[in-house]
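Scroll down for the structure; my scribbles are underneath it.
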Amino acid sequence: MKNINPTTTNAWSELKDHYKKIENAHMREMFAQDGDRADKFTLKWEDFYVDLSKNRITEDTRDLLLKLAEECKLDEAIDSYFSGKAINQTENRPVLHTALRADKNADIKVRGENVVPEVQEVKEKIRAFSNEIIDGTRKGYTGKTFTDVVNIGIGGSDLGPVMVTESLEFYKNHLKMHFISNVDGDHVHETIKDLNPETTLFLIVSKTFTTMETLSNATTVREWFLKSVPEKEVSKHFVAVSTNLEKVEAFGIDPKNIFPMWDWVGGRFSLWSAVGLSISLAIGYDNFASLLEGARKMDDHFKNTPFKENLPVQLAMLTIWYNNFFKAESEAVIPYSQYLDKFPSYLQQAIMESNGKSVDRNGEKVSYGTGTIIWGEPGTNSQHAFFQLIHQGTKLIPTDFIGFKKSLFGDKVHQDQLMANYFAQTEALLNGKTAEEVEKELKSKGFAQDEIDRISPFKVFEGNNPTNTILIEKLTPESMGKLIAMYEHKIFVQGIIWNIFSYDQWGVELGKQLANKILSEFATKTVDEHDSSTKNLLKFYLDK
Ligand code: F6P
């Protein structure tokens with residue numbers, strides 16, 4: 001991969017000049033001046049209608065952003081990404097979650113070997129296992145069929161599976177799904193308290209099988225299980241997903257019950273692998289396969305579409321525009337579907353763990369902003385919670401609005417109410433409300449002029465708040481696969497432009513090391529060298 005500081009490109013300098021011209025321009029005027037604006041900035045692809053026209057951009061902005069992508073050699077980087085080059089250079093690994101959803105006849109080489117046949121083998125194992133659990137062929141140790149499945153994992157071994165399982169709840173079968181992630185004992189005990197060991201299946205999911213939270217939760221669950229069940233029955237109820245086969249066996253999992261994964265799949269991009277076993281169990285293998293198929297279609301779109309019509313590229317470049325030129329620090333993602341409740345938290349890991357880096361590919365401190373802060377909640381709940389700040393606060397918060405044309409239960413009244421809000425919010429964020437409009441409205445309500453003068457400033461909305469409207473036909477496994485993959489590739493593009501390594505996460509290590517050290521101090525009830533604040537806190541804690 002090329003190593004290009006984006007600020008040294010011609011496009012960056014031109015964008016800086018261009019920004020000066022545009023920073024105070026109002027989108028209201030841009031729409032008034034150009035009747036074709038919406039069409040010019042709308043991308044239609046398969047069942048996706050993505051309107052980017054409500055952004056603080058002109059056609060020149062788009063051209064310059066694309067020039068930046070070209071100067072940063074995005075096209076070469078995309079080739080390296082899909083062809084299995086070790087683009088995760090700090091860990092010397094390829095980044096190939098795309099191989100997990102590639103066509104079965106594809107040839108994708110890692111260290112000289114085509115990995116697609118192994119991927120197919122594991123998929124077949126997922127299919128067979130899911131079918132047997134769902135149809136009751138595979139039973140618990142007393143001969144009863146399974147009713148509950150518990151996924152024990154954290155980070156990428158939890159967030160993807162739980163987010164997709166909840167997003168596709170409509171397609172779910174009879175199995176009740178549970179997710180234990182936090183090392184907080186109350187989380188594990190609250191989850192298992194009503195479970196019946198005879199009818200519960202446990203999936204221990206950890207790429208490394210060294211993660212403290214997962215091993216601790218798995219140990220607690222195993223002990224709880226063994227209180228009422230003979231040890232020889234563990235193999236009927238515990239399976240594991242990992243790259244670390246030795247450690248899994250040492251934990252006491254039957255090798256037949258191990259679903260392998262590979263070091264070239266990053267944790268936060270792993271839901272397409274056996275890490276997604278809980279998804280396949282919850283919605284059935286065919287639906288899981290459709291999810292992967294949706295992602296594959298997005299991969300093809302990303303790989304083969306000119307940048308001007310390329311969804312991940314366009315979305316990524318808009319983030320660069322706001323983050324690096326407008327200095328917007330955060331972005332909101334608002335799904336207008338309660339099913340997508342966990343989508344913003346899933347994206348928080350995917351985006352912030354990937355692009356939360358301050359050192360470039362030369363190992364030097366960057367002089368420009370990188371990873372944005374991601375947050376959000378489903379609409380319309382978010383409107384009644386934090387939208388006030390987006391509309392009238394002092395911060396610029398570009399927002400993605402994700403909506404579906406059709407509801408799943410077909411309740412037209414609710415769907416129209418939901419979607420009226422979806423469209424209204426982007427319109428309000430664009431246009432705002434001027435002082436004249438406020439005055440006119442108050443007058444029509446019979447307010448006296450002095451009262452109008454007093455109250456008007458508080459009722460004015462400046463507008464000019466950027467939004468992306470991502471409108472999809474219907475929430476299905478396939479469209480969900482497309483949506484997730486779209487954001488995955490957006491992350492990749494941003495990492496290339498910012499010249500950072502998006503696929504490691506060294507920043508989470510220090511806290512883990514210190515927690516282990518503190519844990520050993522708890523064991524001996526001694527407090528070693530710490531800063532005075534931490535020392536006092538530890539003493540206070542140990543005093544209980
Ligand atoms: O939080 C750091 C991290 O390494 C994530 O990247 C990963 O998804 C998570 O921990 C869990 O790791 P594992 O699957 O190895 O238990």
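Since every read-out is calculated from the coordinates, none of them should be taken as a lab result. The model shown is predicted, which means the values in this text are computed figures rather than measured ones. Neighbour counts run over all protein chains shown; Cβ positions are idealised from the backbone, glycine included.
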Antiparallel bridges, percent of DSSP beta bridges restricted to region 286-425 (to nearest 5): 10 percent
Backbone HN-Hα couplings from phi across region 352-369 [Karplus 6.51/-1.76/1.60, Hz, Gly and Pro as x]: 6, 6, 7, 10, x, 10, 10, 10, 7, 6, 9, x, 9, 4, 6, 9, 9, x
Check: the chain dipole with +1 on Lys, Arg Cβ and -1 on Asp, Glu Cβ, in debye: 500 debye
Efficiency of FRET from Cβ geometry, Ser444 and Glu246, R₀ 56 Å, rounded to 0.05: 0.15
Farthest positive-ward along the chain dipole, Cα basis, beta-carbon charges - from His178, Pro6, Phe326: His178
Under Karplus coefficients 6.51, -1.76 and 1.60, residue-wise ³J(HN,Hα) of region 528-540 in Hz, glycine/proline x: 7, 5, 8, 4, 5, 5, 5, 4, 4, 5, 5, 4, 4
Sorted by Cβ neighbour density within 10 Å, fewest at the top, the residues Asp254, Asp543, Asp158: Asp543, Asp254, Asp158
Label zone at Glu59 (point 7 Å along Cα-to-Cβ), backbone N below 18 Å, region 278-322: 307-310
Sequence-distant lysines (8 or more away, or on other chains) whose Cα lies within less than 17 Å of Lys73: Lys2, Lys85, Lys303, Lys308, Lys490
Over the chain, volume per residue of the alpha carbon convex hull, in Å³: 199 Å³
Projected label distance in nm at Phe170 and Glu223, using a 7 Å step from Cα toward the beta-carbon: 4.3 nm
Leading residue at positive end of dipole, region 113-288 (Cβ point charges), from Leu226, Ala240, Asn114: Leu226
Contour minus Cα-Cα distance for Tyr541 and Asp411 (0.36 nm per residue): 41.5 nm
Cα-based Lys proximity count in region 113-288, under 13 Å, for pairs eight or more positions apart or on separate chains: 5
Full-extension gain in nm, Asp341 to His189, via 0.36 nm per residue minus C-alpha separation: 52.3 nm
For Gly266, residues with placed amide H under 5 Å, excluding near neighbours: Leu96, His97
Low-density loop positions, trypsin sites (Lys or Arg not before Pro), region 195-239 - DSSP coil, at most 13 other Cβ in 10 Å: Lys227
Two-decimal Rg to Rh for region 113-288 - Kirkwood Rh, Cα set: 0.93
Theoretical gain in end-to-end length, Asp103 to Val359 [0.36 nm per residue, Cα-Cα removed]: 88.6 nm
Built amide H within the under 5 Å cut-off of Arg138, gap 5+: Ile133
Radius of gyration and maximum dimension Dmax of region 210-331, Cα, Å: 20.6, 63
Ranking of Ser345, Ser280 by count of other Cβ atoms within 10 Å, fewest first: Ser345, Ser280
Beta bridges per DSSP with both ends in region 113-288, % antiparallel, nearest 5: 5 percent
Sorted by Cβ neighbour density within 10 Å, fewest at the top, the residues Ser444, Ser407, Ser167, Ser278: Ser444, Ser407, Ser167, Ser278
Percent antiparallel among DSSP beta bridges (both partners in the chain, rounded to 5): 30 percent
Pair Ala86, Asp34: separation of 7 Å Cα→Cβ label points (nm): 4.5 nm
Convex hull of Cα atoms in region 13-129, direction-averaged projection (nm²): 11.7 nm²
Amide N proximity, region 104-134 versus Asp300 label position 7 Å along Cα-to-Cβ, cut-off under 14 Å: 104-106
Under 5 Å, built H, 5+ apart or other chain: amide partners of Arg93: Asn88
